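Heads up: the structure comes next, in C-alpha cells.
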Amino acid sequence: MAAARRAFLATGYEGTSVDDLVTATGLHRGSLYGAFGSKRGLFVAALRQALGDATQHCTGPHCTGPAAGGRALDDETLDLVLVALLELAPRDAEVRSLVAGCLAPLTADHEGDSGGDYGGSAGPAANSAAGTPAGKGPATGTDHTPSRTAAQLLGARLLTRAHLPHLAEPTTPTTPETTTPTTPETTTEEAVP
Amino acid sequence: MSTSVTITDSTLRIEPRGLDRFWSLTRAMEFPLSHVRGATFDPGASREFKGLRNPGLAVPGYKWSGTFIREGERSFWNVTGHGPAVVIELADEEFARLYLTVAEPRALVDAINAVAGGV
C-alpha cells in the first residue's frame, strides 16, 4: 500500500498505470484487481489508510476532537489529498466525501479558534476548540499552523511542493512561527496547565 | 469490433459486437451491479499472459475473445490489439473479471465506478 501511495504521489492518479502499480507493489495484476477491485479501489484504499493514520494520531490523550485530526495531516497525506482533489474528487462522490470529511474539521476549527496562536504557548486555548477540556496542548504532529483553513493549508502545501515556499508564508504577522516542514513524527509536548 | 456495455438501474450488460459474438461464443451477459467491484482503464493488460483459452479465439498480438483460465480464475476477454482495454472486476460470478475493448474506455470506467456496488 505504501508503494502504491508513493507511485500515486510521484505521477498522479491518471499518470500511474496499472503496469506501474504492478511494478511498484510487486503484486500480480490479477492479485491487484482481486484485492482492490480497480485502480480507483487501490487509490481509495491508500487515501483511507493515509487519512486513517492521520486520524490515529489524534486518538491519544494529547489530541482529541476533529480539529486535532485535521492538524495531524502530514505533508505526504496532504499531497495525496491534493491528488485526490485535482483528479478524482470532481467526478467521484466517494473520494469527494472522504476528502471533505478530512478537511471540514480544519475550517470548523478555524472558525472556532478565533485566530488563536498555535503551539505550546497557547495550547489549552487552542485545544478548547475541540470541545474537550483535556488540559493539555494539541499534538504537534505537524508544523502547519492550525488557524489556517483547509484552502490555506492546501494552497501553502501546493506552493511548497512546487518549490515556492516563500509564496506559501502568510504576509500578515499574526503567526510568529514559520511553517517550515519537518518530520511529521515529532513528539507531542504538554502545555503548562 | 468491440464490446457494447450498457449500465441499467441494477445491471451491467455486456454485448460483443458483430463477429465477436461468434468468436467469443457469447451473445450477451448481464451482471447485477452489486457483483461489480470496479473498472479500470488498463491498456497494458493485453500484454500479459492471459491463461488457457477455453473456449474462444486467440490470435497472439491481435485478438483475444472468449474464456481464459489462469491460476484457476476464469476471465472473459474481448480485446483487439494492444489498444485501450477496460478491466471490470466481478464478485460471485462465473468470471472473476472481464477484459474488454470499448469505444470510450475512460467514460465507461467512470460510469461503472460510480454505480459499482461490489466489495
Check your understanding: Averaged over A:156-167, how many beta carbons belonging to a partner chain fall within 10 Å of each residue's beta carbon?
Key -> 0
Practice item. Can you tell me the equivalent ellipsoid semi-axes for segment B:3-115? Use √(5λ) from the Cα gyration tensor, largest first, whole Å. Key: 20, 15, 14
**Study point:** Cα-Cα P(r), segment B:18-69, percent of pairs per 10 Å interval
**Key:** 20, 43, 36, 1
**Study point:** Other protein chain Cβ atoms within 10 Å, averaged over every residue that makes up A:23-34
**Key:** 4
Point to revise | Residue order, fewest to most beta carbons within 10 Å, for B:LEU33, B:LEU90, A:LEU153 | key: B:LEU33, B:LEU90, A:LEU153
Review point. Pairing the Cα long axis of helix B:105-115 with the longest principal axis of chain B, what angle in degrees results, from 0 to 90 and rounded to the nearest 10?
Key: 40 degrees
Review point. By counting other Cβ atoms within 10 Å of each Cβ, how are A:VAL22, A:VAL81 ranked from fewest to most?
Key: A:VAL22, A:VAL81
Practice item. Among B:TRP23, B:THR8, B:LEU100, flag the residue with its Cα farthest along the positive direction of the charge dipole of segment B:3-115, charges on Cβ as +1 for Lys/Arg and -1 for Asp/Glu. Key: B:TRP23
Study note, to complete from the structure: When chain B is treated as a Gaussian network with springs between alpha carbons less than 10 Å apart, the largest mean-square fluctuation among B:GLY56, B:GLY72, B:GLY83 is found at B:GLY72
Point to revise | Charged-residue dipole, Cβ positions (Lys, Arg, Asp, Glu), segment B:23-119 about Cα centre, Debye nearest 20 | key: 360 debye
Review point. Among B:ILE69, B:ALA114, B:PRO55, whose Cα sits farthest toward the positive end of the charge dipole of segment B:3-115 (+1 at Cβ of Lys/Arg, -1 at Cβ of Asp/Glu, about the Cα centre)?
Key: B:PRO55
Check your understanding: When B:ASP92, A:ASP53 are ordered from fewest to most other Cβ atoms inside 10 Å of their Cβ, what list results?
Key -> B:ASP92, A:ASP53
Review point. What is the packing order of peptides A:9-15, A:86-92, A:74-80, taking the mean over residues of other C-beta atoms within 10 Å and listing the highest first?
Key: A:74-80, A:86-92, A:9-15
Check your understanding: Looking only at other chains, what is the average number of their beta-carbon atoms within 10 angstrom of each beta-carbon in A:35-48?
Key -> 5
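Where a number appears in this text, it was derived from the coordinates with a stated rule and is not lab data. The structure displayed is predicted, hence computed values, not measured ones. Cβ: placed from backbone, ideal geometry, glycine included. Neighbour counts: every protein chain shown.
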